[in-house]
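Trainee: Input: one structure, supplied below.
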Amino acid sequence: MKQISIYLNFIKEKGRSLSEINPGSDEIALTVDDALYALDLLDASHIAVLGGDILSEKENGEFIYAYQFWGNGYEYHCLNWSCSRVDNESQEDYVKRSYIIAKENIKTASDTAKRLGKKCYIVIVI
């Protein structure tokens, strides 16, 4: 339980609320480096990562979902991800797989943002 508290405090301190684009939202976006660190904090709590959203920043500093801002239309919608438990998968294996998928998707989004010259933010869904 202590690890989840550390995680929640970390994202509140380092993150940026999505309530500015989704009024009432309690989701928090992190930079790529902070998102990877947050995953390390979560890993010790054995909580699965259900998915994630990728955001970027307009020239005026306002958040926007990456698929709405990068490229044409929904070209980058695939950067958002989800991870569900599969049949006959133990909880432990599911949790491990969810972290692998999260890290892979964060890296892909970061690489895409760098290639496009855009900022990249991550929302981790637990």
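The values are calculated or read from the model by the stated rules, or taken from the named source; none is laboratory data. What you see is a predicted model; the values in this text were computed from it and never measured. With ideal geometry, Cβ positions are generated from the backbone for all residues, glycine too; neighbour counts draw on all protein chains shown.
Trainee: Out of (1) part of a loop (DSSP other than H, G, I, E, B); (2) touching a His at 6+ places or on another chain (Cβ under 8 Å), the odd one out for residue 95 is which?
Mentor: Single failed check for residue 95: (1).
Trainee: Separate question: I'm checking my understanding of the structure. Among residues of segment 74-92 that are part of a helix (DSSP H, G or I) and under 18 Å from residue 64 (Cβ atoms), which one is modelled with the lowest pLDDT?
Mentor: So the residue we want is 77.
Trainee: Are any of the residues in segment 75-87 of a type outside the set (S, T, N, Q) and closer than 20 Å to residue 4 by Cβ?
Mentor: Within segment 75-87, one or more residues are of a type outside the set (S, T, N, Q) and closer than 20 Å to residue 4 by Cβ.
Trainee: For residue 104, all conditions in the list (1) in contact (Cβ under 8 Å) with a residue 60 or more places away in the chain; (2) part of a helix (DSSP H, G or I) hold save one; what is the number of the exception?
Mentor: With (1) in contact (Cβ under 8 Å) with a residue 60 or more places away in the chain; (2) part of a helix (DSSP H, G or I) applied to residue 104, the lone miss is (1).
Trainee: Can you name every residue in segment 1-44 that is assigned to a loop (DSSP other than H, G, I, E, B), surrounded by 12 or more Cβ atoms within 10 Å (Cβ to Cβ) and at pLDDT below 95?
Mentor: 21, 22, 25, 27, 44
Trainee: Within segment 11-40, restricting attention to residues that are over 14 Å from the mean Cα position of the chain (by Cα) and not charged (D, E, K, R), which residue is nearest to residue 120 (Cα to Cα)?
Mentor: 21
Trainee: Look at residue 123 and say whether it is in contact with a strand residue (DSSP E or B) (Cβ under 7 Å, 6 or more places away or on another chain) and within 27 Å of residue 44 (Cα to Cα).
Mentor: yes
Trainee: While we're on this one: Looking only at residues in segment 35-75 that are of a type in the set (Asp, Glu) and without any contact (Cβ under 8 Å) to a residue 24 or more places away in the chain, which one is farthest from residue 93 (Cα to Cα)?
Mentor: 59
Trainee: Residue check, residue 107 against (1) farther than 16 Å from residue 36 by Cα; (2) exposed (fewer than 15 other Cβ atoms within 10 Å of the Cβ); (3) of a type outside the set (Phe, Trp, Tyr), all met but one. Which one?
Mentor: Of (1) farther than 16 Å from residue 36 by Cα; (2) exposed (fewer than 15 other Cβ atoms within 10 Å of the Cβ); (3) of a type outside the set (Phe, Trp, Tyr), only one is false for residue 107: (1).
Trainee: Give the number of residues within segment 75-120 that are touching a Cys at 6+ places or on another chain (Cβ under 6 Å) and more than 24 Å from residue 45 (Cβ to Cβ).
Mentor: Count: 1.
Trainee: Just give me the residues in segment 52-103 being surrounded by 10 or more Cβ atoms within 10 Å (Cβ to Cβ), out of contact with any strand residue (DSSP E or B) (no Cβ under 7 Å at 6 or more places or on another chain) and aliphatic (A, V, I, L, M), in sequence order.
Mentor: 95, 100
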